[in-house]
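Taken together, the values in this text are just the output of simple stated rules run on the coordinates, not laboratory data. All values derive from a computational prediction rather than experimental measurement. No Cβ is skipped: glycine too gets one built from the backbone with ideal geometry, and neighbour counts run over all protein chains shown.
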């Protein structure tokens with residue numbers, strides 16, 4: 001049991017810290033609007049992860065195996081990832097005036113939170129990961145599976161917090177963070193294009 005959990009946590013941490021759409025969003029917000037906005041989007045993303053994970057535990061991810069549903073997810077998710085990636089790759093740095101940044105956080109809090117959640121819900125990789133690692137179960141096994149979902153959400157939060165701190169105060173601040181955002185953004189855009197291409201050819 002302990003070995004199984006250690007193996008799951010290793011995979012969860014590797015997945016959470018690997019640059020992807022969610023990390024791209026966190027880094028982009030950290031650079032363009034500061035850590036508070038990045039934290040809001042990350043909180044939304046964690047919420048989205050919990051929704052997707054819970055759906056997989058309940059067996060709802062099986063709907064994604066239907067060709068028409070899968071194609072719709074690939075199109076919607078691919079398009080959103082392309083837009084997110086291109087914006088992150090071209091987004092300017094945070095404004096010099098902290099007051100402007102805080103104003104943006106107040107006026108766009110709900111939209112920022114929902115954007116983070118949408119990245120998790122519309123990302124086809126979320127369903128593939130949870131469908132493989134957290135299969136649909138019932139009874140006592142369902143409780144264990146939900147603990148795995150919560151643990152992965154915690155790993156996601158830890159990952160985003162780490163990237164936000166590194167971009168704001170750590171060695172990745174300044175030009176290093178800008179370069180990371182461009183790389184993550186381009187990779188995310190290519191991932192989205194790949195999902196759209198797959199939907200068109202299947």
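Odds and ends about this structure:
- Fully extended contour minus Cα-Cα distance, from residue 147 to residue 68, at 0.36 nm per residue: 25.3 nm
- Among 196, 164, 150, the order by Cβ neighbours within 10 angstrom, fewest to most, reads 150, 196, 164.
- Least to most buried among 3, 29 (fewest other Cβ within 10 Å first): 3, 29
- Counting neighbouring Cβ atoms within 10 Å and putting the fewest first, the residues 200, 50 line up as 200, 50.
- Counted residue by residue at 0.36 nm each, then reduced by the alpha carbon distance between them, the extension gain from residue 186 to residue 43 reaches 49.1 nm.
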